[in-house]
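Right, one structure below, let's go through it.
The values are calculated or read from the model by the stated rules, or taken from the named source; none is laboratory data. All values derive from a computational prediction rather than experimental measurement. Note that each Cβ is placed from the backbone with ideal geometry, even for glycine, and that neighbours are counted across all protein chains shown.
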Amino acid sequence: MSTTASLTSEETATASPAVAPGTSWFARIIVIGAVSIMIGILWDISWHRTIGRDSFWTPAHMAIYLGGILGGCVGGWLIFRGTFLAAESERAGMVSVLGLRGPFGAWLCVWGAVAMLTSAPFDDWWHNAYGLDVKILSPPHVVLAVGMWAIVLGALFLVLREQNLAAEIRASSANAATTLPGQWLFVLAGGIIVAMAAVFLVEKSWPNQHRTQTFLLISCATYPTYLVALSRASRFRFGATMIAGIYMLIFMLQGWILPQFTGHPKLGPVYNPVDYFVPLSFPMVLIVPAFALDLLRWGIKPERGWIRGWLYAFAAAIAFTGLFLATQWFFSAFLISPAAKNPFFFTDIHWGYTDQRGDFRNMFWSESSPPRNAPLSMAGVWIALGLAFFKCRIGLWLGSWMAKVKR
């Protein structure tokens, strides 16, 4: 995809050769939609684990679909404007699909909104036919998840486009501004998309599973790509650290806020009576390996040549795998211990009403009898390291492309 683009009329109206444009209204609205989707996801998971299958018109579902509507409407408007109202010079800097033109992020948002709307009747039929979900990612939820992911990714690319266009203006002028339009919104959207990735993996990421082979493999196959790509495309020195911090804050807020509200199961069987909204567990401490990735990026400077790029991928893979494994190995032992049973770490209150009681709650599942998950082996660590290296290299390529996107 070509990254050459001209400024839109909204941007040029507020910009001179020496002044970068401000963050647009549509970028702000679409990021608000992404925030609404994230709130709805966490609230809906809690609703299912506290109350069970309820009406389609729950507040959690409305928060999710509000985000989808905002994304679809804003994306649709940008495509309509780019096709029928924009000047020819502006349309040249947009993505064309079937003769219609609009920013790349707008197309993602529209596609995501269509997928979300398609999933709604599918999900309702699924529950009527099969009853209670036994997994977070049932088929209709997968369709919904892909749609939500597309809208958040679309929001990310819309603010990225504004950030990169403004950086181009600043680079060719004497403007000494320290921040760029979309710079902070990009980091916020990046934190949301990492949080969504964590939600997709939550069924293999409970604290009791942090010493299992599956947990390390899926983590090394997922998070390095996001952290490396997003930090490379961001305009902050510690972009990965900030994005990981936002992910952690999102998960901590849901753990602090949701249990403050009363909720009771409405479906059986009830193995674990609860009288509060059940949160997900305390987040992984991704900020530790993310900080190391930032230090390595600014020390090696991988954008200055392919040798530095491969060196960075190798060093980043070792840093991420080693620090992530060490951090979660010991921190998870704390999380399943009595010392973490307090409102800050909200340990032992993240069990839903369908979860049975037992000693397994306070032990690593790789050590239970019989084992619930395969314990971590040295071979597994080497495979995880290889996955991390591959994903760091992919993330760096992706991030370098994202740093040039202006469409």
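With respect to (1) outside any helix (DSSP H, G or I); (2) modelled with pLDDT of 75 or more, the lone exception for Trp43 is condition (1). In the range 78-123, the qualifying residues are those that are of a type in the set (S, T, N, Q) and in a helix (DSSP H, G or I), and the one that is modelled with the highest pLDDT is Thr83.
Residues in the range 364-387 include none that are in contact with a Phe, Trp or Tyr (Cβ under 7 Å, 6 or more places away or on another chain) and closer than 23 Å to Met248 by Cβ.
Modelled with pLDDT of 85 or more and among the hydrophobic types (A, V, I, L, M, F, W, C): is that true of Leu188 in this structure? I'd like the intermediate steps shown before the answer.
Details: modelled with pLDDT of 85 or more: yes; among the hydrophobic types (A, V, I, L, M, F, W, C): yes.
The answer is yes for Leu188.
Among the residues of the range 231-265, write down those that are under 18 Å from Pro279 (Cβ atoms), out of contact with any Gly (no Cβ under 7 Å at 6 or more places or on another chain) and touching a residue at least 24 places away in the same chain (Cβ under 8 Å).
We begin by selecting, within the range 231-265, every residue under 18 Å from Pro279 (Cβ atoms); these are 246-265.
Still in the list and also out of contact with any Gly (no Cβ under 7 Å at 6 or more places or on another chain): 248-249, 251-264.
Passing the criteria: Met248, Leu249, Phe251, Met252, Gln254, Gly255, Trp256, Leu258, Pro259, Gly263, His264.
Condition test on Val74, is it surrounded by 22 or more Cβ atoms within 10 Å (Cβ to Cβ), over 20 Å from the mean Cα position of the chain (by Cα) and not in a loop (DSSP other than H, G, I, E, B)? When the stated conditions are applied, Val74 passes them.
Can you pull out the residues in the range 269-302 that are at negative phi and free of Cβ contacts under 8 Å to residues at least 12 places away in the same chain? Of everything in the range 269-302, those that are at negative phi and free of Cβ contacts under 8 Å to residues at least 12 places away in the same chain turn out to be Leu295, Gly299. One residue is enough: does the range 281-304 have a residue meeting the conditions farther than 28 Å from Ala189 by Cβ and either at pLDDT below 95 or not in a helix (DSSP H, G or I) (or both)? Among the residues of the range 281-304, not one is farther than 28 Å from Ala189 by Cβ and either at pLDDT below 95 or not in a helix (DSSP H, G or I) (or both), which makes the answer no.
Scanning the range 334-344 for residues that are touching a residue at least 24 places away in the same chain (Cβ under 8 Å), part of a helix (DSSP H, G or I) and small (Gly, Ala, Ser) turns up just one, Ala340.
Within the range 382-406, if we keep just the residues that are among the β-branched types (Val, Ile, Thr) and at pLDDT 95 or above, the residue that is farthest from Ile307 (Cα to Cα) turns out to be Ile383. Identify the residue in the range 345-369 that is without any contact (Cβ under 8 Å) to a residue 60 or more places away in the chain and not charged (D, E, K, R) and, among all such residues, is surrounded by the fewest Cβ atoms within 10 Å (Cβ to Cβ). Applying the filter and picking the extreme gives Ser369.
For the range 54-66, the condition of being assigned to a helix (DSSP H, G or I), assigned by TED's automatic domain parsing to the domain that holds Leu158 and farther than 30 Å from Tyr271 by Cα holds for at least one residue.
Let's see how each residue does on (1) crowded, with 19+ Cβ neighbours inside 10 Å; (2) modelled with pLDDT of 90 or more; (3) small (Gly, Ala, Ser):
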site	(1), (2), (3)
Ser173	no, no, yes
Ser205	yes, yes, yes
Gly239	yes, yes, yes
Gly245	no, yes, yes
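When the range 219-262 is filtered for residues that are of a type in the set (Val, Ile, Thr), outside any helix (DSSP H, G or I) and either more than 14 Å from the chain's Cα centre (by Cα) or in the same structural domain as Phe157 (by TED's automatic domain parsing) (or both), only Thr262 remains. Checking each residue of the range 293-303 against the condition of being among the basic types (Lys, Arg) and surrounded by fewer than 22 Cβ atoms within 10 Å (Cβ to Cβ) gives at least one match. Take the conditions touching a residue at least 40 places away in the same chain (Cβ under 8 Å), assigned by TED's automatic domain parsing to the domain that holds Lys266, β-branched (Val, Ile, Thr) and part of a loop (DSSP other than H, G, I, E, B) and apply them to Val381. Does it pass? The answer is no for Val381.
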